[in-house]
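To start, the structure under review is shown below, and the notes come after it.
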Amino acid sequence: MNLITVAQVCSVNNQIAKGLAVADDANEVSQTIEALMDEQRKFAPPAAFLAQANETSPSIYEAASKDRLGWWAAQAERLVWKKHWDQVLDWTNAPFAKWFVGATLNITESCLDRHVATQPDKVAFHFEGEPGDSRDITYKDLYEEVCQLANGLAGLGVTKGDRVAIYMGMVPELPIALLACARLGAPHSVVFGGFSSDSLRDRVNDAEAKVLITCDEGWRNGNRIELKLYADKALEESPSVEKVVVVQRTGGDVPMQAGRDIYYHDLVASQAKDRPATETSSEDMLFVLYTSGTTARPKGIVHTTGGYLVGAATTHRLVFDIKPDDVYFCTADIGWVTGHSYIVYGPLANGVTSVIYEGVPNYPDKDRFWEIVEKYKVTQLYTAPTAIRTFMKWGTEYPDRRDLSSLRVIGTVGEPINPEAWIWYNETIGKGRCPIVDTWWQTETGHIMISPIPGVTTTKPGSATIPLPGMSADIVDDEGNSVPNGSGGYLVLTEPWPGMLRTIYKDPDRFKDVYWSRFSKPDEKKWVYFAGDGAKKDLDGYYWLLGRVDDVMNISGHRISTLEVESALVDHQAVAEAAVVGRADATTGQAIAAFVTLKGGNPGGPELIAELREHVAVKIGKIARPASIVFTDELPKTRSGKIMRRLLRDISEQRKLGDVTTLANADVVNEIAHRAASAASAQAD
Ligand code: WTA
C-alpha cells in the first residue's frame, strides 16, 4: 500500500526547498507564533525589586557590545586563576575555540577554597531527601568531603585526564563527585539516573570511563530505583571500568563485586580532608555530557574549564540577581546540563546557599516544592515549564498552603513557556513581585544565552526576550540572511561565547557538521552556530522560541531523538519498522507518538503495546517511553525512503490532513488517523 503520491512528495519537497520558516513544520510554527503573539502584555521590573536589584541599567548591554572580549575578561577577574591568561579568545582555528588562552586554574578553587577561607560555616547545600531527611552542608564540609573523595579516587588510580562516569540519584554525594573529579582534573561524565542500563553502557563506553560512581538505590516517588543493579548490567559490557564506588543511600542489599566495587563511606573514611587542587589549563576538558541529536547515537558534548566557569558564574549572578544571603533552589537534576551549570558550578562559584531536593514534586503531597520554599526561605526558584503546567493542573490550593514571600526571582528553562503558564507562575508563585526569567540555552551552550536581566529587561509572557550581554544571536532565513523584526526563521549564535562546547567527544567532524556547516561561510571567515531551534523576532526585536526544527523531541524539557526511540522499537523482535514523532501535549510540551509496522502479519494488541513501551524503557529509559503506539501496515515515506514525520505529526495532533484526503488510498491514512486518535487518549500515562 502506498500512502502518498508522487505529487504529494513533490509538494512537500518544494515546501522544504522554499525554506518555509522551519522546513516541514511551517504551518505548525506559524500557528504557534500566532498563538504566542496574541499575548500583548508587558511586565517592567516591579518597583520594589528594582530598588534592590544588582543591575538596573541597560548600559550593561552597551558596555558588553562595545568591547565584548574586554567585558568577558572583566567577568573572569571575579574568579580564582593560578595563572592569568595571555589572550581572552583564540578563534583562529574556528569553529574550535580557545578561551582564556594560557591561563591555568582549578575550578574547585573558585567554588570551594576561597569560600572556605572567607565563609567556612555558610551552608553550601541544604539537602532535602525525598523521604523527609535533611542535611546542611557548609562550604567547609563540602570542601572536606570533596578532598576526601578526590583522595579516594586518586587511590583507585584516577589521574588527570581520566574519565569518571557518574550515575546517581540527587544526593549530596552527586555534586561532591563532580567536584572531586574536577579537583583531580579528571573529566566527569554524568549519566542521568533515569537512563537504562543500555544507555549507561553506551555512554560509559564512548567516554571510556575508568571508574563509575553510583548509589545502591535512589528514592523516587516513594520507590527505590535500583541504580546499582542497572549499573552492574551496564558494566557487563563496559570493559574500561576498573572500579565502582557505591554511595549507600537507601541501605538496600545490593551485590558488591569483590575487587571491583567499594562503598563510598569505606573509600573516604580514612582519607585526608585536604588535597591540593590539580592545575589544569583553561582548555582542559572539565566534563562530557551526552545529549540527543538527530541520529540514534547520542553526542558527547565536551566542555572545558576556564570559559565554562566564567560563563556559568557570570550568567548565574546576572540572571538570578544573586546576593550573599540568598537561598537559591534549582529543581533540575544534576544529570542534565542545568544541574551542572546552575546547581553545581555557577552557584558555588558565586558562594551562595542552594537547596538540593532529591525527589518528585508530589511526594508526599503536591505542595512539596512550596514546603521547601517555605522551610528554607528560598529566594530564587528555577524550574521547568512542564512542572509549572503540572502545578497549574493540580490547582492553587497547594502553593496557597505555604508562605512564598521569600521568593525574589523565578525562572524557567528547557522548553518554550506558554503565556498562560507564565501568567500563572507570575501570579500564583511570584505574586506579581518576582520578575520571571525565561532562560534559553542548551547543553551545547553551557550556560544561559537568551534571558531577561531581572532588574533591566521588560518581559513579555512567552518570550525569552533578548541575548544577554556578551552573547550574540540572530534569526536567519534559509540562506542565512538576518530576518527583519516581525519574521521567523532559525536561531543562530553569531559570535563565540566562553562556555560554548568545544567539540563532540572523539568526533570533531560531526561537531563541525551538526553545528557549523549550515550557515557558516568559512571562506569569508564567518562562523555561525546553528542551534537547531526555530524562533521569531517580534517588532521590538524580542526572541520567541518555537521548538526544535530537527528530529529532536522535547519531552518535559528533555531532549530525545526520534531516531533513538525508533531504533529501540525496531530492536524488538516483533517490529519490522517504526516511526516516532513528538506531538503537542498540554503538560509535557511534547509527548512521544510511535507508529509501528509489525513483522509477519502480527495484528498487535494491548499486550504488545505494553511490551513495546517497556522495551523502550529498558533500551533508553522511562523518559523515552512512547505515550501512544499505533500499529499500521505501512509507514508514509518519501520516494527516497524518508519517513514523512510531518504527516504523522498532523495525524497525531489530529489536524486536517489536506492533500491526503485526495489520495486513492486515503482510507488507510484515515485509518491510521482514527487509530492514533483513540490511542492518544487511551494509552497516555
Ligand atoms: C529547548 C537545556 C524555549 C530548546 C538547558 C533547546 C528552550 C533545548 C528554552 C536544549 C527556553 C531550552 N525556551 N526552548 N527558555 N530552554 N529550550 O540541551 O529547544 O537539554 O535547543 O538544555 O531545549 O535542551 P538541553
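For this structure, a couple of remarks:
- Scanning segment 289-308 for residues that are of a type in the set (Lys, Arg) and surrounded by fewer than 23 Cβ atoms within 10 Å (Cβ to Cβ) yields a total of 1.
- One residue alone among TYR382, TYR345, TYR328 is away from the ligand (no atom under 16 Å from the Cβ) and of a type in the set (Ser, Thr, Tyr), and that residue is TYR328.
- Residues that are open to solvent by 10 Å² or more (accessible area, probe 1.4 Å) and either out of contact with any strand residue (DSSP E or B) (no Cβ under 6 Å at 6 or more places or on another chain) or aliphatic (A, V, I, L, M) (or both) within segment 483-500 comprise VAL483, PRO484, GLY486, SER487, GLU495, listed in sequence order.
- Tally, over segment 128-176, of residues that are surrounded by fewer than 18 Cβ atoms within 10 Å (Cβ to Cβ), among the hydroxyl-bearing types (Ser, Thr, Tyr) and not in a strand (DSSP E or B): 1
- Segment 521-575, residues that are more than 13 Å from the ligand (Cβ to nearest atom), in a strand (DSSP E or B) and open to solvent by 40 Å² or more (accessible area, probe 1.4 Å): LYS521, LYS526
- Members of segment 200-252 found to be over 16 Å from ILE262 (Cβ atoms), open to solvent by less than 30 Å² (accessible area, probe 1.4 Å) and among the charged types (D, E, K, R), listed by number: ARG203, GLU217
Yes/no per residue for (1) within 30 Å of ASP367 (Cβ to Cβ); (2) in contact with a helix residue (DSSP H, G or I) (Cβ under 6 Å, 6 or more places away or on another chain); (3) touching a residue at least 12 places away in the same chain (Cβ under 8 Å); (4) β-branched (Val, Ile, Thr):
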position	(1), (2), (3), (4)
ALA48	yes, no, yes, no
ASN54	no, no, yes, no
TYR61	no, no, yes, no
ALA74	no, no, no, no
THR92	no, no, no, yes
THR104	no, no, yes, yes
VAL123	yes, no, yes, yes
GLU130	yes, no, yes, no
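- Verdict on ALA209 being assigned to a loop (DSSP other than H, G, I, E, B) and without any contact (Cβ under 8 Å) to a residue 12 or more places away in the chain: no
- Residue within segment 291-301 that is in a strand (DSSP E or B), of a type in the set (A, V, I, L, M) and within 29 Å of the chain's Cα centre (by Cα) present: yes
- Verdict on SER406 being open to solvent by 10 Å² or more (accessible area, probe 1.4 Å), of a type in the set (Ser, Thr, Tyr) and away from the ligand (no atom under 16 Å from the Cβ): yes
- Just one residue in the set GLY470, GLY395, GLY462, GLY480 is open to solvent by less than 10 Å² (accessible area, probe 1.4 Å) and more than 14 Å from the ligand (Cβ to nearest atom); that residue is GLY470.
- Residue within segment 323-332 that is assigned by TED's automatic domain parsing to the domain that holds ALA180, of a type in the set (Phe, Trp, Tyr), at pLDDT 95 or above and in a helix (DSSP H, G or I) present: no
- When ILE475 is tested against (1) open to solvent by less than 10 Å² (accessible area, probe 1.4 Å); (2) touching a helix residue (DSSP H, G or I) at 6+ places or on another chain (Cβ under 9 Å); (3) away from the ligand (no atom under 12 Å from the Cβ), just one condition goes unmet, and that condition is (2).
- Hey, ASP333 in contact (Cβ under 8 Å) with a residue 12 or more places away in the chain, more than 29 Å from ILE225 (Cα to Cα) and open to solvent by 20 Å² or more (accessible area, probe 1.4 Å) or not: no
- In the set (1) at pLDDT 95 or above; (2) hydrophobic (A, V, I, L, M, F, W, C); (3) open to solvent by 40 Å² or more (accessible area, probe 1.4 Å); (4) away from the ligand (no atom under 16 Å from the Cβ), VAL514 fails one condition alone, (4).
- Conditions (1) open to solvent by less than 10 Å² (accessible area, probe 1.4 Å); (2) more than 19 Å from the chain's Cα centre (by Cα); (3) closer than 22 Å to LEU69 by Cα; (4) not β-branched (Val, Ile, Thr); number of the one not met by SER341: (2)
- Residues being away from the ligand (no atom under 14 Å from the Cβ) and either free of Cβ contacts under 8 Å to residues at least 24 places away in the same chain or touching a strand residue (DSSP E or B) at 6+ places or on another chain (Cβ under 8 Å) (or both) - total across segment 430-450: 3
- Among the residues of segment 272-282, some residue qualifies, meaning at least one is assigned to a loop (DSSP other than H, G, I, E, B) and of a type in the set (A, V, I, L, M, F, W, C).
- Some residue of segment 611-622 being open to solvent by 20 Å² or more (accessible area, probe 1.4 Å) and over 23 Å from ASP551 (Cα atoms): yes
- Taking segment 576-593 as the range and being under 15 Å from the mean Cα position of the chain (by Cα) and part of a loop (DSSP other than H, G, I, E, B) as the test, only THR588 passes.
- ILE453 being outside any loop (DSSP other than H, G, I, E, B), open to solvent by less than 30 Å² (accessible area, probe 1.4 Å) and within 16 Å of the ligand (Cβ to nearest atom): no
The values are calculated or read from the model by the stated rules, or taken from the named source; none is laboratory data. The structure displayed is predicted, hence computed values, not measured ones. When we count neighbours, we look across all protein chains shown, and the Cβ atoms used for this are built from the backbone with ideal geometry, even at glycine. For accessibility, only protein heavy atoms count, side chains too; no ligands or nucleic acids. Shrake-Rupley method; radii C 1.70, N 1.55, O 1.52, S 1.80 Å.
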